[in-house]
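A short write-up of the structure that comes next.
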Amino acid sequence: MDSQPTYLPRAQLQTLIDGLLTAGYQVLGPMLEQDVIQYRPLDSTSQLPRGVHDHQAPGSYRTTTTDSTRQFAWANGPQALKPLLFAPTEPLWRVERDADGALRFITAVPEAAPTAVIGVRACDLAALRLQDRHFLEGEHPDPYYRARRDNLLLVAVDCSHPADTCFCASTGDGPDCDDSADIVLTELADGFLLWSYSARGRAITEPLALAKASADQVQNGKASIAAAAATQPRRLPAADLPTTLFANQAHPHWDDVAKRCLACGNCTLVCPSCFCHRSEETPALGGASSEHSRVWDSCFTSGHAHLHSTHLRETSRDQYRQWLTHKFGGWVEQYGRSGCTGCGRCISWCPVGIDVTAELAALCAEAAGGNA
Amino acid sequence: MTMANPYLPLDARIVERIQESPTLFTLRLELTDPAAKAAYAFEPGQFNMLYLHGVGEVAISIVSDPLEEHLIDHTIRQVGRVTGGLAALQAGDHLGLRGPFGRGWPVQQAQGRDLVIVTGGLGCAPVVSAIEYVLRRCGEFGRVNIVQGVKHADDFIWRERYDRWAECPDTKVLIAADVGSPLWPGHVGLVTELFDQLNFDPANATVMMCGPEGMMRAAARDLLAMGMPPQDMWLSMERNMQCAAGHCGHCQFGPKFVCKDGPVFSYDQIADLLQVKGL
């Protein structure tokens, strides 16, 4: 962040939300709902999770509320931006059969409403760029994802309170947000440093007529980010992960993980970069029409690698190996970088607390000739 | 064919239905929209997604010659939910079609070279359009070897097609069945046991193979030993395909998306992956 930020006093945060609403955006922001942080429609700063902290550990996510006035003193909730763009269930098209049997296919590409999300994290911004690459930058851009993506405005907030499960500093994706967000905030004790990186962002922030931040305020912001990075206890092994993983597909450690893994698919559902989905067909009872949808899928289901009458990846060993090898290995060949942005969700939301950083370390150490 | 929405099928009509064997049938399709029909073009080895109304889609390779006038042929084995329903359709019925998808056989760069085409079981279907393409362009290629293996002699279809191919100049057709029958004219045993009869110069040849992975592994091993460079051997891979656009993730084979990076790969691209079980 090189440009000089402005300063948004906490008492004026509402004016930012009002500006977005006035400009026609639906505003989503973090809210404490069902005891977790979730992005939900809001119109008032009073709905933000003031004083809420999350405590994450392998297999555990808990929140506590203190009397702190901070509204972004948490790491993340179970879902990133993924469901807002790549919908968990989405009709792709409808088909109608005419009297002569001819089929008429009718697209279901949505009319997406302009949507602004406040409180986006650096890990999730990085994952959004990965999903952009997957859905939009190949030979067949996805028009459903495109419609929502074009209408999305992002107000990111640097992460000052990473959870113990976070390792974005190690993947190089956080805790501070880059200029791929429209607006970036750093939360300080009484307000926010504010950067506007896009024309759409400036259209919202310029009418607020904010003063430049002081050198002390900028320094405090930098210090909070450095401290946040330093508190992250987890990191990825320094090894060349694609080479190590693909060279160790027969490694005995896969059997060790398989003894613990329930193949429930939670990790893939909370992962902000996982993109697998299956198609579903819902014919009308009369038979003249039918709806074709896509639904999130997981490589931990046996149907994922179904071929004819067999399952190519039948065991949880094969399924976990597929997931980990793809995330940290396959992604690099497919999209030029690892599919992991260090959000740590797969660690917290794994019901048996499997920790990808520990599994990778074990595979790398043993691959290097160490003892298990 | 450019597609604004890669997921949206086009209406297609069945012009002819041919029963090839008790479980194999061919659907000859025509796109009903004249503009789409005129614009449709494919390469040997590519595939389409066929949609059965109210049931779903399935990936099927195209077996017709790319220069054939506007009829798109698919030979289908009746094995599952969608193919079982497709089997019941008759000429005049409609289905949905989107495609073509994927990278096909390297027929351009194979010009002037000897060809070794090794197939197993219904594995033949994805290479049929390549064989037809090559044999209709006699003289543009070197010596052509077609080696077909089946489990049981009764699984062998398209006998008249193989007979026709065998009559082409510089073309050798070799067939093998693991289990023979009284009138079986070919070898009883593995396809690889026929390799000493091949007419080809490994330094100037292209191999195309498709079929069960075990067969392709064994064939690649033996052809490598005969001096074939790995980058000149091409394999058509098969995985679960649902979107065909590289998005749904089901067809991943290691870091490859079979639907868009394949289905045809050179052996050097996937040799390591082929040795791993459960990918």
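Can you pull out every residue in the stretch A:293-309 that is under 19 Å from A:A87 (Cα atoms), in a strand (DSSP E or B) and facing chain B (nearest Cβ under 8 Å)? Scanning the stretch A:293-309 gives a single hit, A:R294. If the condition is being within 16 Å of the chain's Cα centre (by Cα) and part of a strand (DSSP E or B), then the stretch A:113-133 contributes A:A116, A:V117, A:I118, A:G119, A:V120. For the stretch A:69-100, a residue qualifies if it is under 30 Å from A:R278 (Cβ atoms), over 19 Å from the mean Cα position of the chain (by Cα) and buried (at least 21 other Cβ atoms within 10 Å of the Cβ), and the qualifying residues are A:L92, A:V95.
Checking B:A125, B:A166 one by one, the residue that is aliphatic (A, V, I, L, M) and surrounded by fewer than 17 Cβ atoms within 10 Å (Cβ to Cβ) is B:A166 and no other.
Table: residues versus (1) of a type in the set (V, I, T); (2) within 14 Å of chain A (Cβ to nearest Cβ); (3) farther than 19 Å from A:T107 by Cα; (4) touching a strand residue (DSSP E or B) at 6+ places or on another chain (Cβ under 9 Å).
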position	(1), (2), (3), (4)
B:G56	no, yes, no, yes
B:E69	no, no, yes, no
B:I76	yes, yes, yes, yes
B:Q90	no, yes, yes, yes
B:L95	no, yes, no, yes
B:R98	no, yes, no, yes
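When A:R313, A:R337 are checked against the criterion of being assigned to a loop (DSSP other than H, G, I, E, B), among the charged types (D, E, K, R) and touching a Gly at 6+ places or on another chain (Cβ under 6 Å), a single residue qualifies: A:R313.
Are any of the residues in the stretch A:107-114 under 30 Å from A:E281 (Cα atoms) and either in contact with a Ser or Thr (Cβ under 9 Å, 6 or more places away or on another chain) or without any contact (Cβ under 8 Å) to a residue 12 or more places away in the chain (or both)? The answer is yes; a qualifying residue exists.
Just one of (1) within 14 Å of chain A (Cβ to nearest Cβ); (2) in contact with a Phe, Trp or Tyr (Cβ under 9 Å, 6 or more places away or on another chain) fails for B:D33. It is (2).
To keep it simple, each residue is scored yes or no on (1) in contact with a Pro (Cβ under 6 Å, 6 or more places away or on another chain); (2) among the hydrophobic types (A, V, I, L, M, F, W, C); (3) within 27 Å of A:R202 (Cβ to Cβ).
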{"residue": "A:A57", "(1), (2), (3)": "no, yes, no"}
{"residue": "A:T64", "(1), (2), (3)": "no, no, no"}
{"residue": "A:A73", "(1), (2), (3)": "no, yes, no"}
{"residue": "A:Q79", "(1), (2), (3)": "no, no, no"}
{"residue": "A:R97", "(1), (2), (3)": "no, no, no"}
{"residue": "A:L103", "(1), (2), (3)": "no, yes, no"}
{"residue": "A:A113", "(1), (2), (3)": "no, yes, yes"}
{"residue": "A:A126", "(1), (2), (3)": "no, yes, yes"}
{"residue": "A:H134", "(1), (2), (3)": "no, no, no"}
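Of all the residues that make up the stretch A:271-284, how many are more than 7 Å from chain B (Cβ to nearest Cβ) and either part of a strand (DSSP E or B) or within 26 Å of A:G77 (Cα to Cα) (or both)?
6
Taking the condition within 26 Å of A:L194 (Cβ to Cβ) and in the same structural domain as A:S160 (by TED's automatic domain parsing), does A:W93 pass? No; evaluated as a whole, the condition is false for this residue.
Can you tell me which of B:E20, B:E30, B:E68 is touching a residue at least 60 places away in the same chain (Cβ under 8 Å) and charged (D, E, K, R)?
B:E20
Within the stretch A:310-323, the only residue that satisfies the criterion of being under 21 Å from the mean Cα position of the chain (by Cα) and within 9 Å of chain B (Cβ to nearest Cβ) is A:Q322.
Pairs linking a residue in the stretch A:341-356 that is within 14 Å of A:A126 (Cα to Cα) to a residue that is in a helix (DSSP H, G or I) and charged (D, E, K, R), with Cβ atoms under 7 Å and 6 or more positions apart or on different chains, are A:C343/A:D124.
Inside the stretch A:271-330, can you point out the residues that are out of contact with any Leu (no Cβ under 7 Å at 6 or more places or on another chain) and of a type in the set (K, R)? Hits for the stretch A:271-330 are A:R278, A:R313, A:R317, A:R321, A:K327. Identify all residues within the stretch A:101-128 that are under 30 Å from A:Q14 (Cβ atoms) and among the charged types (D, E, K, R); write none if there are none. Residues satisfying the conditions are A:E111, A:R121, A:D124. B:E43 fulfils the conditions (1) within 24 Å of A:F105 (Cα to Cα); (2) of a type in the set (D, E, K, R); (3) buried (at least 19 other Cβ atoms within 10 Å of the Cβ) except for a single criterion, (1). Within the stretch A:299-314, identify whether any single residue is among the aliphatic types (A, V, I, L, M), under 27 Å from A:P78 (Cβ atoms) and in contact (Cβ under 8 Å) with a residue 60 or more places away in the chain, and answer yes or no. No - not one qualifying residue is present in the stretch A:299-314. Can you confirm whether A:A113 is surrounded by fewer than 19 Cβ atoms within 10 Å (Cβ to Cβ), within 14 Å of chain B (Cβ to nearest Cβ) and not hydroxyl-bearing (S, T, Y)? No: the conditions fail for A:A113. All conditions in (1) over 30 Å from A:L103 (Cβ atoms); (2) within 7 Å of chain B (Cβ to nearest Cβ); (3) surrounded by fewer than 18 Cβ atoms within 10 Å (Cβ to Cβ) hold for A:H326, with the sole exception of (3).
Among the residues examined, B:V173 qualifies as surrounded by fewer than 21 Cβ atoms within 10 Å (Cβ to Cβ) and either closer than 23 Å to B:A205 by Cβ or acidic (D, E) (or both). Can you tell me which residues in the stretch A:348-362 are farther than 20 Å from A:A247 by Cβ, buried (at least 16 other Cβ atoms within 10 Å of the Cβ) and not β-branched (V, I, T)? Answer for the stretch A:348-362, where residues must be farther than 20 Å from A:A247 by Cβ, buried (at least 16 other Cβ atoms within 10 Å of the Cβ) and not β-branched (V, I, T): A:S348, A:W349, A:C350, A:D355.
On the given criteria, is A:G287 assigned to a helix (DSSP H, G or I), at pLDDT below 95 and either at the interface with another protein chain (Cβ under 9 Å from one of its Cβ atoms) or crowded, with 18+ Cβ neighbours inside 10 Å (or both)?
No: the conditions fail for A:G287.
Set side by side, the residues A:P110, A:P141, A:P83 differ, and just one is in a helix (DSSP H, G or I) and in the same structural domain as A:G172 (by TED's automatic domain parsing), which is A:P83.
Going through (1) under 26 Å from B:G96 (Cα atoms); (2) of a type outside the set (A, V, I, L, M); (3) away from chain B (no Cβ under 14 Å); (4) part of a helix (DSSP H, G or I) one by one, A:R146 falls short only on (3). Within the span defined as the stretch A:71-86, one or more residues are facing chain B (nearest Cβ under 10 Å), of a type outside the set (G, A, S) and either touching a residue at least 12 places away in the same chain (Cβ under 8 Å) or on the phi > 0 side of the Ramachandran plot (or both).
How many residues does the stretch B:208-241 contain that are farther than 18 Å from B:A125 by Cβ and buried (at least 23 other Cβ atoms within 10 Å of the Cβ)? Within the stretch B:208-241, residues that are farther than 18 Å from B:A125 by Cβ and buried (at least 23 other Cβ atoms within 10 Å of the Cβ) number 2.
For the stretch A:247-270, the set of residues classified as free of Cβ contacts under 8 Å to residues at least 12 places away in the same chain and either more than 11 Å from chain B (Cβ to nearest Cβ) or at positive phi (or both) consists of A:K259 only.
The values are calculated or read from the model by the stated rules, or taken from the named source; none is laboratory data. Given the structure is predicted, the values throughout are model-derived calculations rather than measurements. We place every Cβ from the backbone using ideal geometry, glycine too, and count neighbours over all the protein chains shown.
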